[in-house]
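Every number here is computed from the coordinates shown, using simple stated rules; none is lab data. What you are looking at is a predicted structure, and each value in this text was computed from that prediction instead of being measured. Note that each Cβ is placed from the backbone with ideal geometry, even for glycine, and that neighbours are counted across all protein chains shown.
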Amino acid sequence: MRWPRFLARRADASAFHAPAWLEALRRTYGYEPVVYTTSPPGSELNDGLAFCKINTWLSDRRLVSVPFSDHAALLADDPDIFHRMFSFLQEQVGTKSCKYVEVRPTAEPDIGAEGFVRTATFCWHRLQLDQELEGLYKSFHKNSVQRKIRRSEREGLTYAEGRSEQLIRRFYRLLLITHRRHRLPPQPISWFRNLADCWGDQLKIRVASKDGRDVASIVTLTYKKSMVYKYGCSDAQYHNLGGMVFLFWRAIQDAKSCALDELDLGRSDPDNTGLITFKDHWNAARSTLAYWGYPLRLRPDLNRWHLRAARGLFAVLPSAVLPRMGQLLYKHMG
């Protein structure tokens, strides 16, 4: 297929462009992946913008590049190509093919002339793995990371990794605990099952336990020379054991053993100072991600809408009901 071959040639292609990510979106939420390119049919791709077509009764018809991703670089080098593609996207809105377009580039594009406006901003952390493990360890914050790694070792935390149904369920139990704590709906468990099936061995669910009780878990994806931290959850009763730090350190060791170049720690909301500080303490480089949309007047605001309307409800609903709520809501939120 042209798309995988094109991605293999692009240094800026990420896990969120990968066929595995797009296929998991299609299976779970029914989104239709599409790539727009200026390359003619039958020829190798020289450029490409990946989108998913979303059409739900709540969020209407949208093009999003790419749903539930932290970022999706615009895979083209010529500014003229960008202008042609974004003019085409404007036309899709004008002809009613969709009502809204959103892109999540890694660098700020010159698309203001096309009417696209910045709609959201996030902090993005990436840890470069170009040092030996000892050097990396010494670069971490002494109290917040190094000390907690040693604490987790003294506590005798045990470690499991893989993508089995058992590990998915162990992760999901902690995810429900975490989302209830933050008054948020959880993603449907089918999303994680589909990710595990589509990604194969390039996805790992990592679980830390104490005396047989799971205390923290993270999900990482490996694509090309990068490992991506995508999901994390924990039981707050056991935060003092350093379970999350323990898992990040194991992931870093794993990435180094596979000769990867970076650990992508993902995006953080600018007002989530605790998460930003946590990532800063790993000596990860911080930059800015900006999302862009067109037209501004039709921008869906589902994430803020459901938070305002439903946070109190999520706090009191029985745990057994939360997954169903996530199943209902998340397909509208991509």
Quiz item: Summing -39500 (n - 2.57) over the DSSP H runs of n ≥ 4 in the chain and dividing by its residue number, what mean residue ellipticity at 222 nm do you reach, to the nearest 500 deg cm²/dmol?
Solution: -11500 deg cm²/dmol
Quiz prompt | Cα pair distances exceeding 28 angstrom across the chain, given as percent | solution = 44
Exercise. For residue 225 and residue 269, compute 0.36 nm times the residue count separating them, minus their Cα-Cα distance, and round to one decimal in nm.
Key: 13.3 nm
Practice problem: Determine, for the range 179-291, the count of lysine pairs separated by eight or more sequence positions (or lying on different chains) whose alpha-carbon distance falls under 23 Å. | Solution: 12
Self-check item: Kirkwood-based shape ratio for the range 180-233, expressed as Rg/Rh from alpha carbons
Solution: 1.01
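Return the equivalent ellipsoid semi-axes of the range 215-297 as a descending list in whole Å, where each equals the square root of 5 times an eigenvalue of the C-alpha gyration tensor.
Result for the range 215-297: semi-axes of 24, 19, 12 Å.
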Quiz prompt | For the range 30-112, the fraction of alpha-carbon pairs in successive 10 Å shells from zero, as % | solution = 17, 51, 29, 3
Quiz item: In terms of the Cα gyration tensor, with a ≥ b ≥ c the square roots of its eigenvalues, is the range 125-287 rounded because a/c is under 1.5, prolate because a/b exceeds b/c, or oblate?
Solution: rounded
Exercise. Compute the FRET efficiency between residue 147 and residue 88 as 1/(1 + (r/R0)^6), taking r as their Cβ-Cβ distance and R0 = 51 Å, and round to the nearest 0.05.
Key: 0.45
Practice problem: Kindly identify the range 69-116 as rounded, prolate or oblate by the Cα gyration tensor criterion: order the square roots of the eigenvalues as a ≥ b ≥ c, call it rounded if a/c is under 1.5, otherwise compare a/b with b/c, prolate if a/b is larger, else oblate. | Solution: oblate
Exercise. Compute the length gained on full extension between residue 166 and residue 5: take 0.36 nm times their separation in residues and subtract their Cα-Cα distance, giving the result in nm to one decimal.
Key: 54.5 nm
